[in-house]
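Comments concern the structure below.
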Amino acid sequence: MSLFAILKSSGTQSGRLTDRSFDQCLKCTACSSQCPVAAVRPDYPGPKQCGPDGERLRLKSPDFLDEALKYCTGCKRCEVACPSNVRISDIIAAARTTYGDQKFKVREFMLSHTDLMGTLTRGSAPLVNKMTGLKPVKLLLDKGLGVDQRRQFPPYAKTSFRKQFETVAGSQQQYARQISYFHGCSVNYNMPELGMDLVRVLNAMNIGVRLLKKEKCCGVPLVANGFPDKARKNGTLNIASFEQAMTEGSEGILSTSSSCALMLKDEYPHVLGLDNSKVQSNISFITRFLAHEFEAGNKPKMKPVNLKVAYHSPCHLIKAGGVLHTLNVLWEIPGLELQQLNSNCCGIAGTYGFKKENYETAQAIGSPLFKQIEESGADYVVTDCETCKMQVEMSTSKKVLHPLELLRMALVD
Amino acid sequence: MRHECLVIGGGLAGLTAGIRCAEAGLKVAVVTSGESGLSFASGAIDVLGYQPSDSSQPIRFPFEGISELVANHPEHPYAFVGRDGVAEAMDWFQGQLAEGGLKTFTSYSEESNQWRVTATGALRPTWLMQSGPDCLPWIPAKMKRVVFANISGFLDFMPELAAQGLKRHPSFRNVQVDSLTIDLPLVNGLGATADTMRAPQLCRALGSRDFDIIASTLIEKVQDASLVVLPACLDSTLETVHLNDLRRRTGLNIVDAATLPPSLPGMHIHQALRHRFAALGGFLIPATEIRHALVKDGRVLSVSNGEDLLSADHFILASGSFFSKGLHVNPDLNASEPFTQPLLVREPIFDLDLTMPTTSPAEFSDRKFLSRKGHGFIRTGVKLNADGQPEVKGKALHNLHVAGTILGGCDPVQECSAGGVSISTAWRAAGKVVAEVQAAAVNKGGEQP
């Protein structure tokens, strides 16, 4: 797709995002009491005002758009708190794309087109990693684009996950059960080892892994940065891939990213208006699938890992109701001393914390969590989300593991 | 992992029960679907302010009041905890809050209530306060002037309304009650004004220069006040108690009154309880609504959200009242004639027996919102048998305990007993579970050679 076509498709025609659930708002303010941004930014009026209250006004006139809407991180804690099922966060996201500034922004494009950026770095990962770590480059990104220079960029891997998977693809045929893996941008370009861990763990449970014939970025960063039509396009392609995988004998579609999983399963229909009903129940975040397998008696042979870990639950996993599944999986790992951290947002919220104007907010939101992590005495922090991992590793002294990495460490070879 | 205790509900009662189990070393998880009602609460904890159906006589000594109450109302939740149980629970709870980072105060005077001022200027008898002991003691010193002071522009506290409300109280008939607003720069407000802020944001926006101005304004304008009431937007956690600082600087008796929600003192209690529960090794499972239960031979085997099974040896139900969806009312009301049919109330997970399962609309609620006799729906809830256990169609569920506002047989609004009922029934439920788990462990140990 040409840059021009992307430009043309972004933003404007977002009527589909309009949501009347604000009529259910009782004005109880449970949402505002849970908003991580309102807790640190006195100039953010909070989800009730920006969401259901503001929407009523914006329907009268777009002039009522509050500039402060841009501070919303889309963490969705307001929606978890709401006793009346108002889709507060979605209302705010839709208002931003519908009424907000439609000008094309290079930074937003760069931060949100994660798969394009990954492809561009192919073959030059060591160089790019070195570049993004250099002070003059950071300064240039900061001054020129507004990407905060204090932020560490995730390193790109030398060999993409899809490439690495080729070495094990042949051996997957031997398993009677087959499942498809939506690896997402982060595993493909930044953390291919996590994808390989998934293969090892599922193989140890006698399940073979397939890749989808085609997959595109799930769309989370695109929606957050004002490219809903591009997100819709990606979603349509992904849903077609999922449907094809299911007809070809796959048991389901797994994701190892909690935000991708929420998007693919729940937000395609209600944020992007895409019909994923044929495959919706087959899409799982990895720990949901594992928890159900363990419950049914299919557990890999495990040895004790003898580590003390502190678990941080990502906002989007909370929203999806998935903390139960991750805990169910972690509880099964022998020798693991598990402490659950207070449910606080880490602040990065995907691409949000990369932006210069949000850096301070992101770090202020995360600071109680960082403090608790430093005081925990844990060997590692465990979390399900790749950007939470970036944020915690940048802001604390601890290394962060995905639940799958712990499981792989526990496997008896 | 098999939990020894699974608590359904993460509000005041649920977290209290979770903490007591975790403190005893039990493997315990609290499952919660949304957020608790604590962000609407005043942050003071009431135990007993009035006897049921008697709003005329405030109770000075709440535990004596409980002895009288349980003698007359054996169906009241307090009857199952008993006077001494409630007293022990409250003492323990205050200690848990302190461990969680929040200091609270009872009256200086032995086992006496103190007064809290509400957002509308009413006085309510209460037991625990965050702003300090006896800011308003039971028999207050003679007052000349009371001032309700607000920060200019802040909409969630209405000093004129509160002043009028207090004036209606018989003891304040001859006291001068007025209001004051204080202009502040809000140095940490990032340029925003108070009219877009809720109490927690206003708290964050206040900096040391703002406190200087509050102090100097009070000294200059209301130095003669016997009592100053500020909105509860000052930090009162262990790290910073701004109210004490202002009292010291002005020499005035200053108390805070809960604002419209979100209420900062209520949020502090929630935060302290969650902190304490996590520190004790408890697990909190958020955004998970329990819908069904699997029951066999009078025991709950597991509960489910419709997709996952959660098994445990013991269960505590603390899912709250109607607003928290712990109770459902009339799924199929005839919309054209809504108030002619009897109302059906259900507890949705176990279908537990209730105090008023069917009732006429007239019994269920009063036309007057602030009716002195209270509303029927508030007294509706889970009915306990003589042993304090919940039942389904008259048959007890032996490993299920029920705590908090889902219990029927009391009107916490009229009685000023909401906090005490939630805390003490949760304390009792968790105590039963702990005792049973420990007894089972002893039995198991005894079998071994």
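Where a number appears in this text, it was derived from the coordinates with a stated rule and is not lab data. Treat the numbers as computed from the prediction; the structure is a model and nothing was measured. Cβ: placed from backbone, ideal geometry, glycine included. Neighbour counts: every protein chain shown.
Observations on the structure shown:
- Measuring r between the beta carbons of B:Trp138 and B:Asp183 and using R0 = 30 Å, the FRET efficiency lands at 0.25.
- Taking every residue in B:188-199 and counting other chain Cβ atoms within 10 Å of its Cβ, the average works out to 4.
- Per-residue ellipticity at 222 nm from helix content only, as computed over chain A with -39500 (n - 2.57) for each DSSP H run of at least four residues, stands at -12000 deg cm²/dmol.
- Cross-link partners of B:Lys142 among lysines (Cα-Cα below 23 Å; sequence separation of 8 or more within a chain): B:Lys167, B:Lys221
- Computed packing ranks the peptides A:190-202, B:294-306, B:8-20, B:85-97 as B:8-20, A:190-202, B:85-97, B:294-306, most packed first, by mean other Cβ atoms within 10 Å.
- When you restrict to C-alpha pairs under 8 Å that are six or more residues apart and normalise by the size of the stretch B:97-253, the relative contact order lands at 22 percent.
- Take each residue of peptide B:301-308, count the partner chain Cβ atoms within 10 Å of its Cβ, and average: the result is 2.
- Rounded to the nearest 500, the helix-only mean residue ellipticity at 222 nm of chain B stands at -9500 deg cm²/dmol, with each DSSP H run of n ≥ 4 adding -39,500 (n - 2.57).
- One decimal place: the segment B:Glu289-B:Glu88 gains 69.2 nm when fully extended, by the rule 0.36 nm per residue minus the C-alpha distance.
- Of all DSSP beta bridges confined to the stretch A:299-410, the antiparallel ones make up roughly 0%.
- Each Lys and Arg adds +1 at its Cβ and each Asp and Glu adds -1 at its Cβ; summed about the Cα centre, the stretch A:299-410 shows a dipole of about 280 debye.
- Among B:389-395, B:344-350, sorting by the average number of other beta carbon atoms lying within 10 angstrom of each residue, highest first, gives B:344-350, B:389-395.
- FRET efficiency for A:Asp142 and A:Arg200, using Cβ-Cβ distance with R0 set to 41 Å, rounded to 0.05: 0.55
- In this structure, A:Tyr175 and A:Arg20 have a Cβ-Cβ separation that, at R0 = 45 Å, corresponds to a calculated FRET efficiency of about 0.45.
- Rg [Å, one decimal], Dmax [Å, integer] - the stretch B:135-252, C-alpha atoms: 14.5, 44
- A:Leu116 paired with A:Lys27, simple spin-label distance in nm, labels 7 Å along Cα-to-beta-carbon: 4.4 nm
- If only the Cβ of Lys and Arg carry +1 and only the Cβ of Asp and Glu carry -1, the dipole of the protein assembly as shown around its Cα centre is close to 2220 debye.
- Packing order of peptides B:194-201, A:101-108, highest average first: B:194-201, A:101-108 (average count of other Cβ atoms within 10 Å over each peptide's residues).
- Largest mean-square fluctuation among B:Gln57, B:Gln164, B:Gln271, in a Gaussian network model of chain B whose springs join Cα atoms under 10 Å apart, belongs to B:Gln57.
- Only one residue of B:Gly306, B:Ile378, B:Gly431 has its Cα farthest out toward the positive end of the dipole of the stretch B:302-449, where Lys and Arg carry +1 and Asp and Glu -1 on Cβ, and that residue is B:Ile378.
- Note on A:Lys105: lysines with a C-alpha under 17 Å away, same-chain residues under 8 apart excluded, are A:Lys8, A:Lys70, A:Lys143, A:Lys230, A:Lys355, A:Lys356.
- Bridgeable lysines around B:Lys393 (alpha carbons under 18 Å apart, same-chain partners fewer than 8 residues away excluded): B:Lys296, B:Lys383.
- Among B:Ser55, A:Leu26, A:Ser241 the positive-end extreme of the charge dipole of the protein assembly as shown (Cβ point charges): A:Ser241
- For the protein assembly as shown, share of DSSP beta bridges that run antiparallel, in % to the nearest 5: 35 percent
- Taking every DSSP beta bridge that has both ends in chain B, the antiparallel portion is near 45%.
- In percent, rounded to a whole number, the relative contact order of the stretch B:298-417 is 28, using alpha-carbon pairs under 8 Å and six or more apart.
- Across chain B, C-alpha contacts under 8 Å between residues 6 or more apart give a mean separation that, scaled by the residue count, equals a relative contact order of 24 percent.
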